[in-house]
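Remarks on the structure that follows.
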Amino acid sequence: MKKKLIIIAGPTAIGKSSVAVDLCKEFNGAVVGADSMQIYKGMDIGTGKITAEEMDGIKHFMLDITSPGDYFTVFDYVQKAKICIDKILKSSELPFVVGGTGLYISGLLSGNNFAEAAKNNDVRADLENITQEKGLEFMYNYLQTVDPQSALKISKNDKKRILRALEIYIVTGKPKSQSATSSNECDYDYLFFVIIPSNREALYKDIENRVDRMISDGLVKEVESLLQYKDCNSMQAIGYKEIVEHLEGKTTLTEAIAKIKINSRHYAKRQLTYFRNMPFEKIFVEKNNDLYRVVSDIIREKYE
C-alpha cells in the first residue's frame, strides 16, 4: 500500500500555513515544510516562517535544519523530507507537506527520478550566461570534471545536453549518471491541493502588507545579523538580497522595500505558473470563506 500524504501548496502570502494547522487539528496531522528558504536557521522574518504560537501545538518538520552558509539541494530535501513523513506515519498521524517551493514537491512526487525534478529556470539562465562569457568548451570541461560518465555520452558541441546535465548536477547535488534512475514510481497515495487567489489584486495587497509587517518586525536587523552569508545561495532570497543592497548603501530603505514588494509579486506569478504546469494530479481551490470546508471534505472522503 502507498503511504498517505496531503500537500498544501500555493503562492507566497496565500495563507497555506494557517490552513494546514487547522487541518492538522482535525485530521491528527503534522506538517513537513516545503520551503527552500525556511530550512535555514536564523532566516525567520524574511521567509515568513511560522512561529511557535502560530503552530498551536502542531508538530512541524523541515524548518531550521541547516545553516545559511550550507548548499542544500533538492536531492537533500527529498531524502530528509521522506524520513520525516515516515516518522509521522509511524506515529499514526497524517503528514501534510506545506509550502511554495514547487521543485521540492516535484522531487517528492517524482519517485527516484531526480533528473526529471531538476528543472530550474534560474539555474539554466545562469548557465547560459556563463556559456556566453566563457564559451561552450569551458562548460564541457566543467561537465567532464563533475560528471565524467555523462560527458562521455555527450558531444562537446551539444550545448543543450551539456547545460541540461550541469543543471541536474547543480540542482540535485548529484551527477546525472547517478541521480537519474529508471524508477519514477511515486511512493504516495496523495491529495495535492493548490490554493489560488480568487482575486489576484487581493493577493498582491496581502503580499505588500506582509512585507510591511516584516519590516516592522525587524527584517533589517535580521539581515544585519546574517551579513557574513551575503554571498551564499540562501541570501539571494527575496527580502534578503534587497536589504543587503540597502545596508551596502546601494539603495534607500524605501527603495529596498518597494523592490521586495515588486519581486514578491513576480515570484507569486511564477509560483502559480509552476504549479499549473506540474505534471501531477492537482486540486485547485480558491482562497475564500469555503476554502477550509472544501479541502476538509475532500480529505475526509478519501481517507475516512
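The values are calculated or read from the model by the stated rules, or taken from the named source; none is laboratory data. Worth saying up front: this structure is predicted, and the values here are computed from it rather than measured. Positions of Cβ are generated from backbone atoms using ideal geometry, with glycine treated the same way; all protein chains shown enter the neighbour counts.
Among residues of the range 226-244 that are closer than 22 Å to G100 by Cα, those with a beta-carbon under 7 Å from a residue that is part of a helix (DSSP H, G or I) and among the aromatic types (F, W, Y) at least six positions away or on a different chain give the pairs M235/Y229; I238/Y267.
Listed residues E222, E248, E242, E255; which is of a type outside the set (S, T, N, Q), loosely packed, with under 15 Cβ neighbours inside 10 Å and within 22 Å of A13 (Cβ to Cβ)?
Working: E222 fails: loosely packed, with under 15 Cβ neighbours inside 10 Å; E248 fails: within 22 Å of A13 (Cβ to Cβ); E242 fails: loosely packed, with under 15 Cβ neighbours inside 10 Å.
Result: E255 is the single residue among E222, E248, E242, E255 that is of a type outside the set (S, T, N, Q), loosely packed, with under 15 Cβ neighbours inside 10 Å and within 22 Å of A13 (Cβ to Cβ).
None of V123, V98 is assigned to a helix (DSSP H, G or I), within 18 Å of the chain's Cα centre (by Cα) and of a type in the set (A, V, I, L, M, F, W, C) except V123.
Here's the yes/no breakdown for (1) of a type outside the set (V, I, T); (2) touching a helix residue (DSSP H, G or I) at 6+ places or on another chain (Cβ under 7 Å); (3) surrounded by 19 or more Cβ atoms within 10 Å (Cβ to Cβ); (4) under 27 Å from S198 (Cβ atoms):
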{"residue": "M1", "(1), (2), (3), (4)": "yes, no, no, no"}
{"residue": "V19", "(1), (2), (3), (4)": "no, yes, yes, yes"}
{"residue": "C24", "(1), (2), (3), (4)": "yes, no, yes, yes"}
{"residue": "A30", "(1), (2), (3), (4)": "yes, yes, yes, no"}
{"residue": "G33", "(1), (2), (3), (4)": "yes, no, yes, yes"}
{"residue": "Q38", "(1), (2), (3), (4)": "yes, no, yes, yes"}
{"residue": "G57", "(1), (2), (3), (4)": "yes, no, no, no"}
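Among the residues making up the range 147-198, those that are at pLDDT below 90, closer than 30 Å to A13 by Cα and crowded, with 20+ Cβ neighbours inside 10 Å are E167, I168, V171, T172.
Out of the range 261-304, which residues are under 30 Å from E242 (Cβ atoms), charged (D, E, K, R), at pLDDT 95 or above and assigned to a helix (DSSP H, G or I)? Write out each step before concluding.
Quick first cut of the range 261-304, residues under 30 Å from E242 (Cβ atoms) only: 261-278, 287.
Next, only the ones that are charged (D, E, K, R) stay: 261, 265, 269-270, 276, 287.
From what's left, at pLDDT 95 or above: 261, 265, 287.
If the condition is that a residue be under 30 Å from E242 (Cβ atoms), charged (D, E, K, R), at pLDDT 95 or above and assigned to a helix (DSSP H, G or I), then K261, R265 are the ones that fit.
Scanning the range 84-109 for residues that are in contact with a strand residue (DSSP E or B) (Cβ under 6 Å, 6 or more places away or on another chain) and among the basic types (K, R) turns up nothing.
Residues are listed down the side, and each one gets a yes or a no for (1) acidic (D, E); (2) under 18 Å from P68 (Cβ atoms):
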{"position": "I243", "(1), (2)": "no, yes"}
{"position": "E248", "(1), (2)": "yes, yes"}
{"position": "R265", "(1), (2)": "no, no"}
{"position": "K269", "(1), (2)": "no, no"}
{"position": "K282", "(1), (2)": "no, no"}
{"position": "V295", "(1), (2)": "no, no"}
{"position": "R300", "(1), (2)": "no, no"}
{"position": "Y303", "(1), (2)": "no, no"}
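If you go through the range 272-281 and keep only what is touching a helix residue (DSSP H, G or I) at 6+ places or on another chain (Cβ under 7 Å) and among the polar types (S, T, N, Q), you end up with nothing. Can you tell me which residue in the range 70-93 is surrounded by the fewest Cβ atoms within 10 Å (Cβ to Cβ), limited to those that are in contact (Cβ under 8 Å) with a residue 60 or more places away in the chain and part of a helix (DSSP H, G or I)? Checking each candidate, the answer is D86.
Can you find a residue in the range 236-248 that is assigned to a helix (DSSP H, G or I), of a type in the set (G, A, S) and modelled with pLDDT of 95 or more?
Of the residues in the range 236-248, the ones assigned to a helix (DSSP H, G or I) are 236, 241-247.
Narrowing the set further to residues that are of a type in the set (G, A, S) leaves none.
No, the range 236-248 contains no residue that is assigned to a helix (DSSP H, G or I), of a type in the set (G, A, S) and modelled with pLDDT of 95 or more.
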